[in-house]
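Written out below as structure tokens is the structure these notes cover.
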Amino acid sequence: MPQRIGVMGGTFDPIHNGHLVAASEVQSKFGLDLVVFVPTGEPWQKRGRTVSAAEDRYLMTVIATAANPRFEVSRVDIDRDGATYAIDTLHDLRADYPDAELFFITGMDALAKIFTWRDVEDLFELAHFIGCTRPGYVLDEAELARFPQNRISILEIPALAISSSDCRARKLRGEPVWYLVPDGVVQYISKHNLYTEKVDS
Ligand code: ATP
Ligand code: MG
């Protein structure tokens with residue numbers, strides 16, 4: 001049997017329990033051997049916002065996933081120069097796991113934007129897509145019909161209305177992020193004084 005590998009790309013600024021529950025749920029429902037978390041590279045602008053250093057986002061992702069034997073973190077996107085495109089992520093992971101079946105995991109918000117991504121047709125060749133439900137985002141039937149039906153699955157996951165944006169906004173206001181992100185990530189954020197300055201332009 002070929003290995004079944006989930007790929008969860010994200011900015012992870014910071015990684016939070018919404019990401020972890022989604023990955024864990026997909027791992028179990030699709031019988032994946034591994035879920036590889038892939039933090040995006042830098043320099044990178046997200047909606048005009050400067051994203052935290054790749055190394056900080058990478059380390060928080062490692063801390064958050066360390067206890068789960070089915071979770072791993074890949075540096076492919078942070079070690080590649082320039083903007084991150086899912087097509088490059090999947091090509092690199094295909095090279096790392098040549099015989100594996102790849103499952104690309106996204107939330108519904110990311111799934112809705114997929115047709116704006118580079119080389120979208122090739123993406124569906126490289127991986128099966130799994131869209132996880134996320135509070136506040138729905139995809140209607142017409143949007144779903146655009147996907148190659150044998151290459152996409154939608155998975156209902158326990159709803160967690162958590163976002164990295166909200167975690168950052170909380171830190172800025174001096175509010176807690178306990179229980180929204182893993183304990184080690186709370187401590188990493190404090191130790192490195194992340195999200196204490198307003199960086200949105
Ligand atoms: P930001 O608010 O900065 O955009 P985010 O919380 O959306 O952060 P990302 O790093 O952008 O986190 O997301 C990485 C992936 O995880 C995306 O595919 C996104 O849809 C998915 N995701 C994030 N939060 C959740 C959640 N609470 N439930 C399900 N999927 C999620
Ligand atoms: Mg997002």
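Coordinate-derived values only; no laboratory data. Fair warning: this is a prediction, and the values are worked out from it, not measured in the lab. Cβ placement follows ideal geometry from the backbone for every residue including glycine, while neighbour counts extend to all protein chains displayed.
Of the residues Arg94, Arg4, Arg75, Arg49, only one is within 13 Å of ligand 1 (Cβ to nearest atom) and of a type in the set (Lys, Arg); which?
Arg49 is the lone residue from the list that is within 13 Å of ligand 1 (Cβ to nearest atom) and of a type in the set (Lys, Arg).
Across segment 113-147, what is the number of residues that are touching a Phe, Trp or Tyr at 6+ places or on another chain (Cβ under 8 Å) and touching a residue at least 60 places away in the same chain (Cβ under 8 Å)?
Residues flagged as touching a Phe, Trp or Tyr at 6+ places or on another chain (Cβ under 8 Å) and touching a residue at least 60 places away in the same chain (Cβ under 8 Å) within segment 113-147 amount to 2.
Given (1) crowded, with 24+ Cβ neighbours inside 10 Å; (2) within 10 Å of the chain's Cα centre (by Cα); (3) under 26 Å from Asp81 (Cβ atoms), identify the lone condition not met by Gly9.
Here Gly9 meets the rest and fails (1).
Could you tell me how many of the residues in segment 96-118 are closer than 18 Å to Asn150 by Cα, part of a strand (DSSP E or B) and either among the aliphatic types (A, V, I, L, M) or within 16 Å of ligand 2 (Cβ to nearest atom) (or both)?
Total satisfying the criteria: 4.
In the set Asp122, Asp77, which member is exposed (fewer than 15 other Cβ atoms within 10 Å of the Cβ) and closer than 23 Å to Ile152 by Cβ?
Asp122
Taking segment 125-160, which residues are surrounded by 14 or more Cβ atoms within 10 Å (Cβ to Cβ) and among the polar types (S, T, N, Q)?
Thr133, Ser153, listed by residue number.
Counting only residues that are within 16 Å of ligand 2 (Cβ to nearest atom), under 30 Å from Ala53 (Cβ atoms) and in contact with an Asp or Glu (Cβ under 6 Å, 6 or more places away or on another chain), give me the helices (runs of 4 or more DSSP H) lying completely in segment 128-201 with at least 1 of them.
Because the criterion is at least 1 residues that are within 16 Å of ligand 2 (Cβ to nearest atom), under 30 Å from Ala53 (Cβ atoms) and in contact with an Asp or Glu (Cβ under 6 Å, 6 or more places away or on another chain), the helices (runs of 4 or more DSSP H) in segment 128-201 that meet it are 164-172.
Among the residues in segment 75-82, are any on the phi < 0 side of the Ramachandran plot, in contact with a helix residue (DSSP H, G or I) (Cβ under 9 Å, 6 or more places away or on another chain) and outside any helix (DSSP H, G or I)?
Yes: segment 75-82 contains one or more residues that are on the phi < 0 side of the Ramachandran plot, in contact with a helix residue (DSSP H, G or I) (Cβ under 9 Å, 6 or more places away or on another chain) and outside any helix (DSSP H, G or I).
Could you list all residues from segment 127-183 that are among the aromatic types (Phe, Trp, Tyr) and over 28 Å from Leu102 (Cα atoms)?
Trp178, Tyr179
For segment 105-128, which positions are within 19 Å of Val36 (Cβ to Cβ), within 9 Å of ligand 1 (Cβ to nearest atom) and of a type outside the set (Ser, Thr, Tyr)?
Those that are within 19 Å of Val36 (Cβ to Cβ), within 9 Å of ligand 1 (Cβ to nearest atom) and of a type outside the set (Ser, Thr, Tyr): Ile105, Gly107, Ala110, Leu111.
Could you tell me whether Ile63 is over 25 Å from Glu125 (Cβ atoms), surrounded by 18 or more Cβ atoms within 10 Å (Cβ to Cβ) and away from ligand 1 (no atom under 12 Å from the Cβ)?
yes
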